[in-house]
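**Q** Dropping the structure in here first, questions after.
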Amino acid sequence: MAIRDVLKMGDPRLLEPARPVADFSSLELTQLIVDMHDTMRALNGAGLAAPQIGVGLQVVIFGVEANPRYPDAESVPLTVLINPVLTPLSDAMEAGWEGCLSVPGMRGLVLRHADLRYQGFDAAGQPIDRGVSGFHARVVQHEVDHLHGILYPMRIRDLRDFGFTETLFPGQNLQDD
Ligand code: NI
């Protein structure tokens, strides 16, 4: 178990597509998922993708309990999602503020699909198939973007909607996610 260093924007490893997991029974996968949970918890993040700790595999974790950083956000169950496939369930798009542990201290406004189906596998290799919306859908799209080498600033339509968290949201004590 270990808290791993999180790569920051500018590191070329964050721009590489991740490979699918082929062996769900490997010790390396088990260890990776433990380290990802340890790291996300230590940094109080909402999600983490394996490439963010320098591992180019299609593994993301996410989960949000009632959290002062997201006063309006519904909770999201703690989930390990491997080899994900996303399918929008409607044409609706929603704008929302995002942060990222790889882009510390910043927030940007990003359009995401409002209604989303996500499929993949859990840590034991069991299928996951969920239909979600709103904040849950946003978190999944943000994390899965990391598996395609996409960081949220690349999706900001107007760079005036990008800035330092403490300036955009003074006094709210928002942290990185
Ligand atoms: Ni991120």
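The values are calculated or read from the model by the stated rules, or taken from the named source; none is laboratory data. Worth saying up front: this structure is predicted, and the values here are computed from it rather than measured. Here Cβ is always computed from backbone atoms with ideal geometry, including for glycine, and neighbour counts include all displayed protein chains. Ligands, DNA and RNA are stripped out before the accessible areas are found, and what is left, the full protein with its side chains, is counted by its heavy atoms. Shrake-Rupley method; radii C 1.70, N 1.55, O 1.52, S 1.80 Å.
**Q** Run Thr39 past the list (1) touching a residue at least 40 places away in the same chain (Cβ under 8 Å); (2) open to solvent by less than 30 Å² (accessible area, probe 1.4 Å); (3) within 14 Å of the chain's Cα centre (by Cα) and report the number of the one that doesn't hold.
**A** Exception for Thr39: condition (1).
**Q** Filter the stretch 47-71 down to the residues that are at pLDDT 95 or above and not in a strand (DSSP E or B) and list them by number. So that I can check it myself, show each step before the final result.
**A** Here is the first cut: in the stretch 47-71, the residues at pLDDT 95 or above are 47-63.
Of everything in the stretch 47-71, those that are at pLDDT 95 or above and not in a strand (DSSP E or B) turn out to be Ala50, Pro51, Gln52, Ile53, Gly54, Val55, Gly56, Gln58.
**Q** Report the residue count in the stretch 73-93 for those that are open to solvent by 10 Å² or more (accessible area, probe 1.4 Å) and touching a helix residue (DSSP H, G or I) at 6+ places or on another chain (Cβ under 7 Å). Please lay out each step first, then the result.
**A** Initially, the stretch 73-93 is screened for residues open to solvent by 10 Å² or more (accessible area, probe 1.4 Å), giving 73-75, 77-78, 80, 83-93.
Restricting the remaining residues to those that are touching a helix residue (DSSP H, G or I) at 6+ places or on another chain (Cβ under 7 Å) gives 73-74, 80, 84, 86.
Adding up the residues that qualify gives 5.
**Q** Regarding Asp35, is this residue assigned to a loop (DSSP other than H, G, I, E, B), away from the ligand (no atom under 13 Å from the Cβ) and out of contact with any strand residue (DSSP E or B) (no Cβ under 7 Å at 6 or more places or on another chain)?
**A** Details: assigned to a loop (DSSP other than H, G, I, E, B): no; away from the ligand (no atom under 13 Å from the Cβ): yes; out of contact with any strand residue (DSSP E or B) (no Cβ under 7 Å at 6 or more places or on another chain): yes.
In short, no.
**Q** Taking the condition away from the ligand (no atom under 15 Å from the Cβ), in a strand (DSSP E or B) and either of a type in the set (A, V, I, L, M, F, W, C) or in contact (Cβ under 8 Å) with a residue 24 or more places away in the chain (or both), does Gly131 pass?
**A** Details: away from the ligand (no atom under 15 Å from the Cβ): yes; in a strand (DSSP E or B): yes; either of a type in the set (A, V, I, L, M, F, W, C) or in contact (Cβ under 8 Å) with a residue 24 or more places away in the chain (or both): yes.
When the stated conditions are applied, Gly131 passes them.
**Q** Let me ask you something else. Run Val110 past the list (1) without any contact (Cβ under 8 Å) to a residue 60 or more places away in the chain; (2) away from the ligand (no atom under 12 Å from the Cβ); (3) closer than 29 Å to Thr167 by Cβ; (4) in contact with a Phe, Trp or Tyr (Cβ under 7 Å, 6 or more places away or on another chain) and report the number of the one that doesn't hold.
**A** (2)
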